[in-house]
1. Enumerate the pairs (first residue in the stretch 587-603 and closer than 13 Å to Ile614 by Cβ; second residue anywhere and assigned to a strand (DSSP E or B) and open to solvent by 40 Å² or more (accessible area, probe 1.4 Å)) with beta-carbon separation below 8 Å, excluding pairs fewer than 6 apart on the same chain, so at least 6 apart or on different chains.
2. Could you grab the pairs with beta carbons closer than 6 Å, sequence gap of 6+ or different chains, first residue in the stretch 136-149 and over 9 Å from Asp168 (Cβ atoms) and among the β-branched types (Val, Ile, Thr), second one open to solvent by less than 20 Å² (accessible area, probe 1.4 Å) and within 10 Å of the ligand (Cβ to nearest atom)?
3. Among Asp137, Asp147, Asp129, Asp157, which is the only one that is within 13 Å of the ligand (Cβ to nearest atom), at pLDDT 95 or above and open to solvent by less than 10 Å² (accessible area, probe 1.4 Å)?
4. Within the stretch 327-347, restricting attention to residues that are part of a helix (DSSP H, G or I) and of a type in the set (Gly, Ala, Ser), which residue is nearest to Lys115 (Cα to Cα)?
5. Identify the single condition in (1) assigned to a helix (DSSP H, G or I); (2) surrounded by fewer than 24 Cβ atoms within 10 Å (Cβ to Cβ); (3) within 16 Å of the ligand (Cβ to nearest atom) that Ala215 does not satisfy, given that it satisfies every other one.
6. Go through the stretch 160-187 and give me each residue that's more than 13 Å from the ligand (Cβ to nearest atom), in a helix (DSSP H, G or I) and touching a Ser or Thr at 6+ places or on another chain (Cβ under 6 Å).
7. Out of the residues in the stretch 294-314 that are in a strand (DSSP E or B) and charged (D, E, K, R), which is surrounded by the most Cβ atoms within 10 Å (Cβ to Cβ)?
8. Can you pull out every residue in the stretch 574-594 that is of a type in the set (D, E, K, R) and either in a loop (DSSP other than H, G, I, E, B) or modelled with pLDDT under 95 (or both)?
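The values are calculated or read from the model by the stated rules, or taken from the named source; none is laboratory data. Please read all numbers here as calculations on a predicted model, not as lab measurements. Cβ atoms come from the backbone with ideal geometry, glycine included; neighbour counts cover every protein chain shown. Each accessible area value is taken on the protein alone, full model and side chains, heavy atoms only, with ligands, DNA and RNA left out. Shrake-Rupley method; radii C 1.70, N 1.55, O 1.52, S 1.80 Å.
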Amino acid sequence: MRQTIQFLAIFLIALFCTIQTFGQKGTTRIEPPFWWAGMENSNLELLICDASKPISGWKVTIKNENVILKKAHKVDNPRYLFLELEIKAGAKAGEFPIELTDGKETIIHSYQLLKRKKSPKTRGLSSNDAIYLLYPDRFSNGNPKNDSVQGMREGADRTNKGGRHGGDIEGIIKHLDYVEEMGFSAIWFNPFLENDMESYSYHGYAITDHYNVDARFGGNKMYLKLVEECHKRGIKVVKDMVYNHCGIEHDLYRDLPAVNFFNNDAKFVRTNYRESVLVDPYASKSDLKASVDAWFDTTMPDFNQKNDRVKAFLIQNSIWWIEYTGLDAFRIDTYFYSDLEFSAALGKRIYQEYPNFGMFGETWVKAHTMQAYFTQNNGFRNEVNTSLQGITDFMLSDALKKAYKEKMGFTGGIVDVYYALAQDFLYENPYQNVVFLDNHDIARIYVEMGRNEQKFKSTLAFLFTTRGIPCLYYGTELMMDHEDGEDHGLIRADFPGGWKGDKNNAFTKKGRTKTQNLAYDYVTGLLKYRNKTAALRTGKLMQFVPQDGVYVYFRYDDEKTVMVIMNTDDNRVITNTERFSEITGDFSKATVIPSGKKLSNIKNISLAPFETMILELN
Ligand code: CA
């Protein structure tokens, strides 16, 4: 008897040893690493990968009466197994064993179900918001100790414009007051997830681990703290999501579960970058395949989102991050390169759990119809509904730049802005579109405006007064400049004052140059006015056909009427306001925004070349 007990004890210890090793990085990985009880959707699919054992044929037992194993999916690679589970409504938070055995050896993993937060208060985005877009590697280095991390491929080198500069979450948290004081209600962060690539890894769009924030940014715990600190200040968090591709050093690519996890047999074929083929009635099949199914770049394998395992992996990962952190919205990268059916399934699943969640997609396209094509309930694409509330309004941004680059004719110049907004009938809600002047992929607006301060100011005036959700790229409030062109290293320059020893600290009024303060004061003046003026956020828009390079529009509600006059001509103009009497009505006076200067008569308004005037009518 005693011998049997001893034997049992040794056996249990041996078993316990296997449990200890199971789940460690490098031996076995299980994703998602944990889940929650009480989700609206009861499905959960676990990815299990053993570093050395061919577990795919092993028998699986789940020891929890409320967790049902619906199916174990084998793939080509025998070290992978995908478990389709149902978490029944009765499942409680806690741990339960998942047992794998081949009859000789048994591996037990203890899987954890957490308790859901009382109510996930994700708040979404609306035109009441104003977004600040910020590059984590380039904003502030709060912890130089994590600039280079042992075991990770690329370390920091601030002298390399395409290298890592050491910016991190601690640095961002230190300067959240700066963002709050300007008046922004949301921050869109360029991606934080691990990008353990050989080089050019700072940008974040080549993900190598879907469940971990890059250690060089501070890791998951620091990210949780960031969300908490943002929420404390009433700032919403927008996470940048990349579904189309991952980094070439991702485990799913280095150790392929199956060749069909990636498009083109997991081999590089460059995309033609043409969204038009999705709608073109004359498109060839090869062009269509070369658009959506080819790779974005040599280092970014293109996920096959038609594969059910891939689909479940990506969608669950999104749910995991929302539930884990309580963040508010997603900006979805390279939206049109994803399969539309996948995007629709993603949207549906997210809203099932979080009805108030926000989503907008990057649609860098060449037609208004193409932008609208990807949005929800747009009325002309009935086969799939994406649930996408809004898009990054490249068409409007391009039109605005054109207004200051060419003179107005019957078409062209400022007329393009007028026409851009006239296309808003294509959207269910155009106020959900994200309006921007510049971003991390294109030249800064000050450079685009030929370094003309008046033009620069006018684009800002437009940004904060037209319809939609304005989004300002970090540093534009400082009139950031760079060499001509769109060199990513230059347009994503370090924020001055974010690094110890920086010559000028633009986070403070004293540290900013005179020019930086002029731009900063104008941005904050406009934004503060927008924040207290519902007419600019949710009010109606009325625009008039431009004449002689002058474009006039109004934002109005029951409380206020705001008139915006944009002179895009290189001459001083005097605008007679009689043409606008259907809305100016009884108004005779106005206050200039944001200066506060009073106009005692609005009959004729004089504007300098390229000047924009914002008037609150009294
Ligand atoms: Ca750092």
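1. Once the first residue is closer than 13 Å to Ile614 by Cβ and sits in the stretch 587-603, its partners that are assigned to a strand (DSSP E or B) and open to solvent by 40 Å² or more (accessible area, probe 1.4 Å) give Ala590/Lys598; Thr591/Lys598; Val592/Lys598.
2. Val149/Arg216
3. Details: Asp147 fails: open to solvent by less than 10 Å² (accessible area, probe 1.4 Å); Asp129 fails: within 13 Å of the ligand (Cβ to nearest atom); Asp157 fails: open to solvent by less than 10 Å² (accessible area, probe 1.4 Å).
Testing whether each residue is within 13 Å of the ligand (Cβ to nearest atom), at pLDDT 95 or above and open to solvent by less than 10 Å² (accessible area, probe 1.4 Å) leaves just Asp137.
4. Step one: filter the stretch 327-347 for residues part of a helix (DSSP H, G or I), giving 335-337, 340-347.
Filter once more, so that each one left must be of a type in the set (Gly, Ala, Ser): 343-345, 347.
Working: Ser343: 28, Ala344: 28, Ala345: 25, Gly347: 24 Å.
Filtering the stretch 327-347 for residues that are part of a helix (DSSP H, G or I) and of a type in the set (Gly, Ala, Ser), the one nearest to Lys115 (Cα to Cα) comes out as Gly347.
5. Ala215 satisfies every listed condition except (1).
6. Of everything in the stretch 160-187, just one residue is more than 13 Å from the ligand (Cβ to nearest atom), in a helix (DSSP H, G or I) and touching a Ser or Thr at 6+ places or on another chain (Cβ under 6 Å), namely Met182.
7. Here is the first cut: in the stretch 294-314, the residues in a strand (DSSP E or B) are 295, 297, 300, 302-303.
After this cut, where a residue has to be charged (D, E, K, R) as well, the list is 297, 302.
On the way: Asp297: 14, Asp302: 24.
Applying the filter and picking the extreme gives Asp302.
8. Across the stretch 574-594, the qualifying residues are Asp586, Lys589.
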